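The values are calculated or read from the model by the stated rules, or taken from the named source; none is laboratory data. Being a predicted model, the structure only gives us computed values, none of them experimental. A quick note on method: Cβ atoms are made from the backbone with ideal geometry, for glycine too, and the neighbour counts reach across all protein chains shown. To get the accessible areas, we keep the full protein, side chains included, count just its heavy atoms, and leave off ligands, DNA and RNA. Shrake-Rupley method; radii C 1.70, N 1.55, O 1.52, S 1.80 Å.
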Amino acid sequence: MANNMLRSTDLNVIRPYLKDASNLSGGYAHEVVFPEDENEVARVLNDACCTRTPVTVAGNGTGLVGARVPFGGIVLSTERLGGLRQIHRASGDFGSVVTGPAITLKALQAAVSGKGLFYPPDPTEQNAFLGASVATNASGARSFKYGSTRMWVRRLRVVLATGDVLDLRRGEGVADKEGRIFLKGLQNVFEVTLPHYRMPAGKHSAGYYSIPGMSALDLFIGSEGTLGVLTEIELGLIPKPQALFSGIVFFEQEEDAWQFADQAKKDSVKNRASPSTGQIDARALEYFDVHALDILRSVYTHIPVKAQASVFFEQEMTAGLEKEVVDQWYQLCQSGRALVDQSWFSQSALEHKEYRAFRHAVPVLVNRILREHYQMKISTDFTVPDERFFVLLKLYRQSLNESGLRYCIFGHIADNHLHVNLLPQNDQEAETGWRLYRTIVNKIITWGGTISAEHGVGKIKREYLLDMFGQTGLREMAAIKRKLDPCLILGRGNIIPEEILLNEGYARPFKAC
């Protein structure tokens with residue numbers, strides 16, 4: 001291995017890489033390495049494969065499922081693999097960007113905005129590295145209109161655990177009728193067979209992606225560092241919106257907020273099918289229950305006293321046609337029994353940022369509360385089909401109130417995707433919270449939903465993925481990992497429990513070194 005690669009066995013250097021935003025404890029590693037290019041990544045993995053040393057890939061520590069928390073081996077930090085490499089603006093004002101994995105989403109947006117372009121995905125944590133958002137298929141508030149990260153990935157370069165390199169472009173390496181994908185590396189060709197489980201409808205980021213005719217790169221999007229290390233990413237971009245209208249609408253009754261969001265969702269979907277100017281077409285619809293508002297009141301003292309729920313919306317507008325859009329939203333607020341005179345609306349760029357800060361303040365404040373009580377995050381990331389969503393809302397309200405636990409609910413209501421955050425004050429309450437979580441998981445699976453819509457599985461949600469896809473589904477995932485990571489070093493403990501990964505007498509082969 002190159003002698004000039006930055007690496008350290010100093011515990012003080014390693015310690016920051018033993019945690020992420022999940023608050024999962026107990027992580028340990030004997031070394032952290034900082035490769036600066038693809039060749040150095042390949043050398044790190046090649047050597048680790050030779051010695052069977054586990055490798056945990058680390059982004060910027062914003063993950064919520066413990067995926068970057070190592071339990072042995074080395075940490076491969078991607079922080080020196082950033083670097084904006086190219087922004088291309090094509091005809092029709094659409095474009096693309098090529099970058100390393102360590103650029104933050106905030107920096108990416110600023111860079112492409114300067115070229116009049118826009119990257120639609122909007123994960124909540126803007127300090128997350130792009131590579132991590134690809135590795136979890138992150139989505140966020142704008143997924144209602146623009147979908148998840150997967151929709152915007154055009155090309156990936158991936159270093160496998162053996163040190164081989166894949167260059168994958170969308171539309172290439174397509175799965176055949178038998179579900180087989182052939183991956184051509186610089187050294188070898190790998191054949192994998194996709195799992196046969198049925199993917200849930202809607203937002204989904206749990207386990208390996210598997211649909212008929214998919215491109216090979218989709219296998220790595222959402223694989224959470226278990227199949228390879230991303231070294232280069234190409235994304236599609238769209239023209240920067242000309243204007244924006246946003247609002248934070250308050251309600252005295254939470255059911256009125258539910259119905260308002262549901263009507264805005266239906267209007268948006270209908271108007272996209274038959275586009276015309278001046279119609280409601282939300283790109284984001286976000287919900288806050290009374291408990292989320294109470295937490296926010298510690299910072300935003302001007303939230304209306306009567307407010308029991310709120311919906312934040314954003315809509316892009318064509319310059320010169322703003323009045324029609326604004327009028328449509330005001331009419332919807334009036335008919336939806338909103339506290340219109342006490343709600344907040346704006347077309348100002350500065351206030352848009354303030355409203356988005358309001359939305360993103362909730363998880364920050366929740367994490368602060370959890371740290372005060374030394375508790376790990378217990379947060380749902382579930383979605384269900386449309387016909388089950390209002391049933392789910394009522395289940396949340398009843399079961400949470402009966403539990404006696406402190407909680408708040410917020411999130412992406414247009415995607416049937418709300419985050420229930422339990423806020424235990426002690427270990428006993430945490431145990432109660434996890435039992436309640438399990439009960440709700442069982443309902444979600446029965447209703448055809450997913451146990452993780454955007455945050456991934458990591459180490460925290462493996463048992464729920466087993467509930468969702470069963471032993472057969474996880475064995476099929478394990479078979480893919482064994483093909484691409486024959487030494488089983490990458491992301492140990494993420495997604496697939498080790499007892500399944502190592503079942504059937506599978507012996508990890510030594511690599512010829």
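Computed quantities for the displayed model
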{"item": "Output for region 132-147, where each listed residue is within 21 Å of ALA21 (Cβ to Cβ) and not in a loop (DSSP other than H, G, I, E, B)", "result": "ALA132, SER133, VAL134, ALA135, GLY140, SER143"}
{"item": "Output for region 15-31, where each listed residue is over 25 Å from the mean Cα position of the chain (by Cα) and not in a loop (DSSP other than H, G, I, E, B)", "result": "GLU31"}
{"item": "Every residue from region 84-98 that is of a type outside the set (Ser, Thr, Tyr) and assigned to a helix (DSSP H, G or I)", "result": "GLY92, ASP93"}
{"item": "Within region 76-91, considering residues that are loosely packed, with under 13 Cβ neighbours inside 10 Å and without any contact (Cβ under 8 Å) to a residue 12 or more places away in the chain, the one farthest from VAL55 (Cα to Cα)", "result": "SER91"}
{"item": "Count of residues meeting criterion [open to solvent by less than 50 Å² (accessible area, probe 1.4 Å) and among the acidic types (Asp, Glu)] in region 360-415", "result": "2"}
{"item": "Count of region 244-262 residues which are over 27 Å from HIS204 (Cα atoms), touching a Ser or Thr at 6+ places or on another chain (Cβ under 7 Å) and either in a helix (DSSP H, G or I) or open to solvent by 20 Å² or more (accessible area, probe 1.4 Å) (or both)", "result": "0"}
{"item": "Members of region 320-359 that are open to solvent by 30 Å² or more (accessible area, probe 1.4 Å), among the aromatic types (Phe, Trp, Tyr) and assigned to a helix (DSSP H, G or I)", "result": "TYR330"}
{"item": "Residue count, region 43-57 (criterion: part of a helix (DSSP H, G or I) and open to solvent by 20 Å² or more (accessible area, probe 1.4 Å))", "result": "5"}
{"item": "Residue ID - farthest from SER205 (Cα to Cα), chosen from residues in region 263-282 that are out of contact with any Leu (no Cβ under 9 Å at 6 or more places or on another chain) and buried (at least 18 other Cβ atoms within 10 Å of the Cβ)", "result": "ASP281"}
{"item": "Among the residues listed as ASP485, ASP427, the single one being out of contact with any Phe, Trp or Tyr (no Cβ under 7 Å at 6 or more places or on another chain) and either open to solvent by 10 Å² or more (accessible area, probe 1.4 Å) or under 30 Å from GLN398 (Cβ atoms) (or both)", "result": "ASP427"}
{"item": "Selected residue (criterion: nearest to HIS417 (Cα to Cα)) from residues of region 194-210 that are open to solvent by 60 Å² or more (accessible area, probe 1.4 Å) and in contact (Cβ under 8 Å) with a residue 40 or more places away in the chain", "result": "GLY202"}
{"item": "Within region 406-513, helices (runs of 4 or more DSSP H) holding 2 or more residues that are out of contact with any helix residue (DSSP H, G or I) (no Cβ under 7 Å at 6 or more places or on another chain) and closer than 30 Å to HIS373 by Cα", "result": "427-446, 462-484"}
{"item": "Selection from region 148-169 of residues that are in a strand (DSSP E or B), closer than 24 Å to ARG89 by Cα and open to solvent by less than 20 Å² (accessible area, probe 1.4 Å)", "result": "VAL153, LEU156, LEU168"}
{"item": "Hits in region 170-190 - residues which are closer than 21 Å to ALA135 by Cα and open to solvent by less than 80 Å² (accessible area, probe 1.4 Å)", "result": "GLY171, GLY173, VAL174, ALA175, ILE181, LEU183, GLY185, PHE190"}
